[in-house]
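The structure appears below as structure tokens.
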């Protein structure tokens, strides 16, 4: 059952599935692991018949996400990438998709591979460049893909404005909302038609489930994507849905703490003499700051920054960390740090990375909910570890900065 539209996002997230058990009155919803369901009689199918097609636990999660985003319905998938794959199925052979040039590496790889096989037509464009975007839209794409803030440079684009321009060309607008979650951004209310999440990240929030979701604003789009998800077998598992639904209940309190910590860490980084540049939409000097203030209710907890130095200094810095874990992914309660060029965007060629602005001295941080003073101390420890190595190299000759 859809949530009351008057309820706040905090209440919707906490109450998702609560007291829906009609058999025993359980407060939290039961986990349905059955792969199949009996028919009531000959040719009398119940609401569920086979778990790939529909599962009570997965359905609760999908509806909860739809309620949070303000959409008609949600399709829960096996991963964030399978959610993106599901949206691609809306394209007929040769139809065009317009995507940002600096999108997530996995998205870039999927779109490019589809285009190379001749299944779709693809344009990558810097969506912050108004002239380039206008020219690309004149080619009449079927889908305009938006990722804001982008991964990993946190570029921000105006969802409402791009949605208006896209619809003038008859395009659907899909937004990857993984970085902010519906707590901080609601693309459907800004004109988008589809929202995609890697629920592995903030939605679940505990780095123990891989999953994805697609939320559609309108019934027909929801039904089309749900058909393809069932057809291709990419729907999410019941147990994964159960764990994600449990994580969802604390979404608001988690992301608020994440963001609070991130703001303090940013203040530390911008004043550090070993930091070349900090990328964070909450900074007044960030190129997309004003747009972020308009369309977001918070700046999130993803930070990217460039260290002054080369990749060897980056390695030394990372070796000194004790609290941050060097790992891909994001949005868990624990703080993570990654080197985009060799990790999240390893599938993107060095030449294409340079076009997107990804350099060898760039690091991306997913700020967790630990004590922020411990996080700052750990980053300082990394810099202190890197400085002796830099001094030793300086004594033996000049340091080449990779960019």
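No lab work stands behind these numbers, since they all come straight from the coordinates. Given the structure is predicted, the values throughout are model-derived calculations rather than measurements. We place every Cβ from the backbone using ideal geometry, glycine too, and count neighbours over all the protein chains shown.
Residues that are without any contact (Cβ under 8 Å) to a residue 60 or more places away in the chain, outside any loop (DSSP other than H, G, I, E, B) and surrounded by fewer than 24 Cβ atoms within 10 Å (Cβ to Cβ) within the stretch 167-218 comprise 167, 168, listed in sequence order. Taking (1) touching a residue at least 40 places away in the same chain (Cβ under 8 Å); (2) surrounded by fewer than 20 Cβ atoms within 10 Å (Cβ to Cβ); (3) under 19 Å from the mean Cα position of the chain (by Cα) in turn, residue 110 satisfies each apart from (1). Of the residues making up the stretch 127-143, those that are crowded, with 17+ Cβ neighbours inside 10 Å and either over 25 Å from residue 93 (Cα atoms) or touching a residue at least 60 places away in the same chain (Cβ under 8 Å) (or both) number 1.
Regarding residue 100, is this residue within 30 Å of residue 240 (Cβ to Cβ) and crowded, with 18+ Cβ neighbours inside 10 Å? In short, yes. Applying the condition of being over 16 Å from the mean Cα position of the chain (by Cα) and outside any loop (DSSP other than H, G, I, E, B) to the stretch 321-336 and asking which residue is surrounded by the most Cβ atoms within 10 Å (Cβ to Cβ) yields 325. Going by the conditions given, is residue 97 closer than 20 Å to residue 201 by Cβ and in contact with a strand residue (DSSP E or B) (Cβ under 7 Å, 6 or more places away or on another chain)? Here the answer is no, as residue 97 does not meet what is asked. Among the residues of the stretch 273-284, those identified as touching a strand residue (DSSP E or B) at 6+ places or on another chain (Cβ under 9 Å) and over 20 Å from residue 178 (Cβ atoms) are 274, 275, 276, 277, 278. Could you say whether any residue in the stretch 324-338 is more than 30 Å from residue 249 (Cβ to Cβ) and either touching a strand residue (DSSP E or B) at 6+ places or on another chain (Cβ under 8 Å) or in contact (Cβ under 8 Å) with a residue 40 or more places away in the chain (or both)? No, that holds for no residue. Filtering 318, 363, 387 for residues that are in contact with a strand residue (DSSP E or B) (Cβ under 8 Å, 6 or more places away or on another chain) and surrounded by fewer than 20 Cβ atoms within 10 Å (Cβ to Cβ) leaves a single hit, 318.
For the stretch 144-166, a tally of residues being farther than 13 Å from residue 97 by Cβ and either buried (at least 22 other Cβ atoms within 10 Å of the Cβ) or under 22 Å from the mean Cα position of the chain (by Cα) (or both) returns 16.
Taken over the stretch 214-235, the criterion of being more than 13 Å from residue 85 (Cβ to Cβ) and touching a helix residue (DSSP H, G or I) at 6+ places or on another chain (Cβ under 7 Å) is satisfied by 215, 216, 217. Every condition in (1) assigned to a helix (DSSP H, G or I); (2) surrounded by fewer than 20 Cβ atoms within 10 Å (Cβ to Cβ) holds for residue 262 except the one numbered (2). You will find that of 241, 304, the residue that is more than 25 Å from residue 158 (Cβ to Cβ) and not in a loop (DSSP other than H, G, I, E, B) is 241 and no other.
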